Amino acid sequence: MLYVDNGQTLNDLCRFLEMSRQAVTKHLNILEKANLVTVIWRGREKLHYLNPVPIHDIHKRWINKYEHVHLDKLAELKQTLEEGAKNESKIARK
């Protein structure tokens, strides 16, 4: 929900979740400790924001490491299929 609408209060977040307020607070505290959510106080309101830096670091370090191999293979497959389709159309024209 923070991805869609960043900077929400606890009440805003609880509105759409089927969890108790205490459970949402517990999850937010864990995310804050992990530095995945940042908090900014605006008067008496505590606004929660996603922290994109550690999320990006996780993606670069772990997901991207495996993803590029699959993307390279998909690109090779696409190129092979396109070349095969070109060859078939040349044969069909003869």
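Sorting the segments 75-81, 2-8 by their mean number of nearby beta carbons within 10 angstrom, highest to lowest, gives 2-8, 75-81.
Give the carbon-plus-sulfur fraction of the accessible surface of the chain in %, rounded to a whole number; probe 1.4 Å, heavy atoms of protein chains only. Summing carbon and sulfur atoms, their accessible area is 59 percent of the total for the chain. Under the combined filter of DSSP loop state and at most 12 neighbouring Cβ atoms within 10 Å, the stretch 25-94 retains none of its chymotrypsin sites (Phe, Trp or Tyr not before Pro).
Along the charge dipole of the stretch 44-86, pointing to its positive end and built from +1/-1 on Cβ of Lys, Arg, Asp and Glu, which listed residue (Tyr49, His70, His59) has its Cα farthest out? The residue sitting most towards the positive pole is Tyr49. A cut-off of 5 Å between modelled amide H atoms, ignoring neighbours fewer than 5 places along the same chain, links Lys46 with Leu10. A DSSP coil position with no more than 11 other Cβ atoms inside 10 Å describes the following GluC sites (Glu not before Pro) in the stretch 1-69: Glu18.
Overall, the chain carries a charge dipole of about 40 debye about its Cα centre when +1 sits on the Cβ of Lys and Arg and -1 on the Cβ of Asp and Glu, all other atoms neutral. Considering the chain as a Gaussian network with a 10 Å cut-off on Cα pairs, which listed residue, His70, His48, His56, attains the greatest mean-square fluctuation? Maximum fluctuation in the GNM of the chain, among the listed residues, is at His70.
When restricted to Cα atoms, the stretch 1-52 yields an Rg and a Dmax of 10.3, 28 Å, respectively. A 1.4 Å probe run over the protein chains yields, for the chain, 85 Å² of accessible area per residue, whole-number rounding. Quick check of the Kirkwood formula: for the chain, what is the inverse mean of 1/r over all pairs of different Cα atoms, in Å? The answer is 17.2 Å.
The values are calculated or read from the model by the stated rules, or taken from the named source; none is laboratory data. Note that the coordinates shown come from a computational prediction; the quantities given were computed from them, not determined experimentally. No Cβ is skipped: glycine too gets one built from the backbone with ideal geometry, and neighbour counts run over all protein chains shown. All accessible areas refer to the heavy atoms of the entire protein, side chains included, with ligands and DNA or RNA removed. Shrake-Rupley method; radii C 1.70, N 1.55, O 1.52, S 1.80 Å.
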